[in-house]
Amino acid sequence: NLFGAQEKLLSEERHAIEALIDKALKARETDSVLEVWGNPDDSRDFVSYSHAASVILNLLDLQTGPINIASGTEISLSQLIQVFSESFGTNFNARYIPGPSSISRRVSSVVKLNELVPFTASYNPVVELKEYISSRALSGI
């Protein structure tokens, strides 16, 4: 799942992080429940647009065949909501509702990617995710 400032520019449809930010801003303003699609144990692999773009630029001249551009780090929805609570300075009361996907785990192998583009091995999506969510929480947009 991609995230980053560029998301708002691309379309009215949102990936998970942007959709949750919009919901969290509203929940914080109205002191209401934060609705989250899925269940607390569902997990995803998050990567920023800027990291994905850097990886693509490094792969352009290589003949790699198909390759996963991902972080290889699994983050559960309950962990993600904790990041949101810390970033927004509020303890969100999350209500998990059935979402459009029945896939509970989505995490990609990055073994091949790390061999081809060595800087990806040190990529930490959690730090970047926290920084991004915190900046959005502070700006309120």
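The values are calculated or read from the model by the stated rules, or taken from the named source; none is laboratory data. Worth saying up front: this structure is predicted, and the values here are computed from it rather than measured. Neighbour counts run over all protein chains shown; Cβ positions are idealised from the backbone, glycine included. Side chains are part of the model used for accessible areas, which takes the heavy atoms of the whole protein and leaves out ligands, DNA and RNA. Shrake-Rupley method; radii C 1.70, N 1.55, O 1.52, S 1.80 Å.
The table below lists the values:
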quantity: Residue match in the range 80-98 (condition: at pLDDT below 90 and over 30 Å from A27 (Cβ atoms)); calculated: no
quantity: Candidate set from the range 44-69 (those that are farther than 27 Å from S139 by Cα and surrounded by 14 or more Cβ atoms within 10 Å (Cβ to Cβ)); member that is nearest to the chain's Cα centre (by Cα); calculated: I69
quantity: Flag for E29 being of a type in the set (D, E), assigned to a helix (DSSP H, G or I) and under 29 Å from G140 (Cβ atoms); calculated: yes
quantity: When residues of the range 122-140 are limited to those that are open to solvent by 70 Å² or more (accessible area, probe 1.4 Å) and without any contact (Cβ under 8 Å) to a residue 40 or more places away in the chain, the one farthest from G65 (Cα to Cα); calculated: L138
quantity: Of all residues making up the range 80-98, the number that are of a type outside the set (F, W, Y) and surrounded by 14 or more Cβ atoms within 10 Å (Cβ to Cβ); calculated: 9
quantity: Matching option when the condition is modelled with pLDDT under 90 and either under 15 Å from the mean Cα position of the chain (by Cα) or not hydrophobic (A, V, I, L, M, F, W, C) (or both), among E13, E74, E29; calculated: E13
quantity: Matching residues, the range 39-68, being at positive phi and at pLDDT 90 or above; calculated: none
